[in-house]
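As structure tokens, the structure follows; a few thoughts come after it.
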Amino acid sequence: MAHTLNKRSFSIVSVVVTLALALLTIVQCAWVWKTYNENIESFRRRVQSATYRTIYKSFRNSDIQGTSTSRNIYIDLTDFATWFEPYLKEMEVYQPYYLEVINHTLNDKVMMRSGNTEWLFNPWTFEMQIDDRGMFSLRLTISEPRREMLGDMWLLILSSGVMVVVLAASFIYLRRTLFRYRSLEEMRRNLTHNITHELKTPISVARVATDALINFPEDNTPEREERYLRVIDSQLTQLADMVQHILDSSLSEEAMPLSAEEVEVLPLLQRIAEQTRTQGGSRVTVEVECDEATRLHCDRFHLSNTLSTIADNSLKYSTGEVHIALRCKAEGGATTITISDNGPGIASRHLPHIFDKFYRVPSGDRHDVRGNGLGLYYAHSVVERHGGTIGVESTPDVGTTITITLPNDETE
């Protein structure tokens, strides 16, 4: 992609997608809620219609109904029900109900009752006037079929929920993809910078030494020539090691060829310890613990490079006095090798990524720590090719322990 997704662009995309998802969720919920309320209103209108028709038929057209000059009205709720229930069924209403006749001239006194309130669930109550003078009202309390309505809407609710879940999952996947892309972009830039810096350093040193030998021949002495040639040789060796490291990492993505043989682990650890002491000088102490009888069927070259890389990281990222412990223990069908140090440690947020290709743990204000983010990736690939596992435990300001577990059986 030509355009690099910077932090600002990533934040804008995340906010826009989050707002869109939130808006869609609100719209879906509002739609379901509106549909539910419309069903409730439809139910209530049907009940009101059946009640009005029953009042008109039962109370106004009955021979025994009417008002006298003393303002008494005679109502039969049983007769009311004979008209009311068929109308309810006609409106597809089958819920239980409770009836009361209210006398407004006697402070809304209940004159008659019919039904049982214990049968009612989610009750809804309304009143309708019975007579033209407003003396009496019929109060109807009926169960609203809310659960049934929700049951009838299950397909709508399910489809809305599935849509929101799918979009939320898509958003999470998109965010993770964008985050990973941004991380890869940052690692790519860091890799380019680090490799350029690391390649330029040995080339520059070798070039200066060569220039001194070529352009100042009058100052050349055998000792001086030998010193400069050794400098050139060491820098070219360092350059070749870097190129080989990159090639090894490239091979690890494919089928890394292994040349398995029986290897004595103790001499291997002792050799790595000696290399680390030589490289670190007097500030480094290296402890080795391993049974002389411990052997592994493995690729000596790749396993040695893996352990050297890890020990080198312990030395490279530590300041002051450094203590490194190389331990090996064979138990059951596996052999465990641990490399521990008392270095600065690694924050927990970086631990899941330290074996990723090109990933480098930030070194704070230190700019002398060079690397390309391939060492631990290569180590992880080597261990995996041997059928083993590699893990890390670390505490900031305490130290880091990397554990390699390899099977004792022969590697294919």
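The values are calculated or read from the model by the stated rules, or taken from the named source; none is laboratory data. What you see is a predicted model; the values in this text were computed from it and never measured. In this analysis, Cβ positions are derived from the backbone assuming ideal geometry, glycine residues included, and neighbour counts consider all displayed protein chains.
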*Could you figure out which of (1) in contact (Cβ under 8 Å) with a residue 24 or more places away in the chain; (2) surrounded by 12 or more Cβ atoms within 10 Å (Cβ to Cβ); (3) of a type outside the set (Asp, Glu) isn't true of Gln129?*
(1)
*Which of (1) in contact (Cβ under 8 Å) with a residue 40 or more places away in the chain; (2) in contact with a Pro (Cβ under 8 Å, 6 or more places away or on another chain) does Thr117 not meet, given it meets every other one?*
(1)
*Evaluate the following for His386: is it touching a Cys at 6+ places or on another chain (Cβ under 7 Å), over 14 Å from Thr276 (Cβ atoms) and either at pLDDT below 85 or buried (at least 22 other Cβ atoms within 10 Å of the Cβ) (or both)?*
yes
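For (1) out of contact with any helix residue (DSSP H, G or I) (no Cβ under 6 Å at 6 or more places or on another chain); (2) modelled with pLDDT of 70 or more; (3) farther than 24 Å from Ser381 by Cβ, each residue gets a yes or a no:
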residue	(1), (2), (3)
Asp233	yes, yes, yes
Thr237	yes, yes, no
Glu253	yes, no, no
Glu262	yes, yes, no
Val286	no, yes, yes
_I'd like the full set of residues that are in contact with a helix residue (DSSP H, G or I) (Cβ under 7 Å, 6 or more places away or on another chain) and assigned to a loop (DSSP other than H, G, I, E, B), limited to the stretch 321-354._
Glu321, Gly343, Ile354
_When residues of the stretch 263-285 are limited to those that are touching a Leu at 6+ places or on another chain (Cβ under 7 Å) and of a type in the set (Val, Ile, Thr), the one farthest from Pro407 (Cα to Cα)_ = Val284
